[in-house]
1. Send over a whole-number figure in Å² for the accessible area per residue of the range 78-178, probe 1.4 Å.
2. When DSSP beta bridges are limited to those with both residues in the range 83-192, what percentage is antiparallel, rounded to the nearest 5?
3. According to the Kirkwood expression over distinct Cα-Cα pairs, how big is the hydrodynamic radius of the range 115-154, in Å?
4. Report the FRET efficiency, 1/(1 + (r/R0)^6), for PHE206 and LYS172, where r is their Cβ-Cβ distance and R0 is 30 Å, rounded to 0.05.
5. Hey, which aspartates and glutamates would be in cross-link range of LYS61, C-alpha to C-alpha under 16 Å, not counting anything within fewer than 8 residues on its own chain?
6. In Å³ and rounded to a whole number, note down the convex hull volume per residue for the Cα atoms of the range 86-139.
7. How large is the direction-averaged shadow of the alpha-carbon convex hull of the range 66-193, in nm²?
8. Give the long-range amide H neighbours of MET155: residues separated by 5 or more places, or on another chain, with amide H under 5 Å away, using H modelled in the peptide plane at 1.01 Å from N.
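The values are calculated or read from the model by the stated rules, or taken from the named source; none is laboratory data. Given the structure is predicted, the values throughout are model-derived calculations rather than measurements. All Cβ positions, glycine included, derive from the backbone under ideal geometry; neighbour counts span all protein chains shown. Side chains included, ligands, DNA and RNA excluded: accessible areas come from the protein's heavy atoms. Shrake-Rupley method; radii C 1.70, N 1.55, O 1.52, S 1.80 Å.
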Amino acid sequence: MNHITKLKVKLQENYETVLYLCAAAFLLLALIKPEIQLKQEVHNYLLIADVSQSMNAEDMKVNNLPVSRLVYTQYLMREVVKTSPCGTYVSVGAFSAENVALLFMPLEVCANLDIINDTIDHLEWRMSWSGNSRITFGVKAAEATFDYLNIPAQMLFFTDGDEAPKANSINKLDLSGVRIGKNVIFVGVGGHEPSPIKRFNANNEFVGYWGTDAAADTGAVGANYADASKDDPDPVVAYSEFDRYLSKQEADYLKGLATDIKGQYVEGLDAPAFYQFVQSQAPAAKFITAYSLRWLYLVLAALAVLATYLPDLLYRLKHKKA
């Protein structure tokens, strides 16, 4: 009897021991080496929130309660993060005036859920460094942000599209050279009926509504918030209801911008279709990420244990037929 034959006989005589040892080895691997590093295509979202004053208009609802456009944006952002599978990366930024400020670099959603949500929860209008709001310039600024990230991303730009001053043929920026168009999705936030814009002082206390005179003087709620003396404690507000500056979601304008840069527009609705649309986007980046093999090791361990019963099961079936 040669060595190979002897080994086969030994394995047949001690198959249960061998299988239990295999199961133990797989369980050990599940504990000490549950992951391997792989370069994978992943979703990488840059969530940009418009924090200009028009986003304080209360014409949206969350859980049937009236909320501002900015609060609604925060809710949608948290839901996008919540509905994103592990392995998705997210960064968050704020838009105001003509620039985009990146708040943190891409983070994996499951390992950093609390950090991401905490940042979203702290977005507010006082983060705005200037009162004007020029989305076309913001798109150009986003290109610089993309260059800084140095990682391809899908940008979700949450905004009502209410610019200050209003874009016209003279001040509208030429976007024909925008390189990131295919990575930009304008998420329209706000009602389609005109709504007054709440005004707060520098202590974030509600003092009234923006008036049409302020819009005429500064260009649609375009005060300089960096100068607290102009906004605290008693900023100018509309003196009557008919004098209030009214704002709505400029959906047609956002759709036009999306067409100009070959991007996309989607209505920001708290509905499964919106979250499915976001998750249906093609993976934007490649990251070296940890891929879990724990499930595989546990399945193999279970199969090894079940295999110890296989000879007895086959024996019973054979004699049952006989």
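1. Working: 4190 Å² over 101 residues.
Per residue, the range 78-178 has an accessible area of 41 Å².
2. Numbers: 8 of 14 bridges.
If we restrict to bridges inside the range 83-192, about 55 percent are antiparallel.
3. 12.3
4. Details: r = 33 Å, r/R0 = 1.11.
My answer for the efficiency is 0.35.
5. In chain and number order, the partners are GLU79, ASP160, GLU193, GLU267, ASP270.
6. Per-residue hull volume (Cα only) is 74 Å³.
7. Values: hull surface 35.1 nm².
Here the figure is 8.8 nm², rounded to one decimal.
8. For MET155, the qualifying residues are LEU46, VAL184, ILE185.
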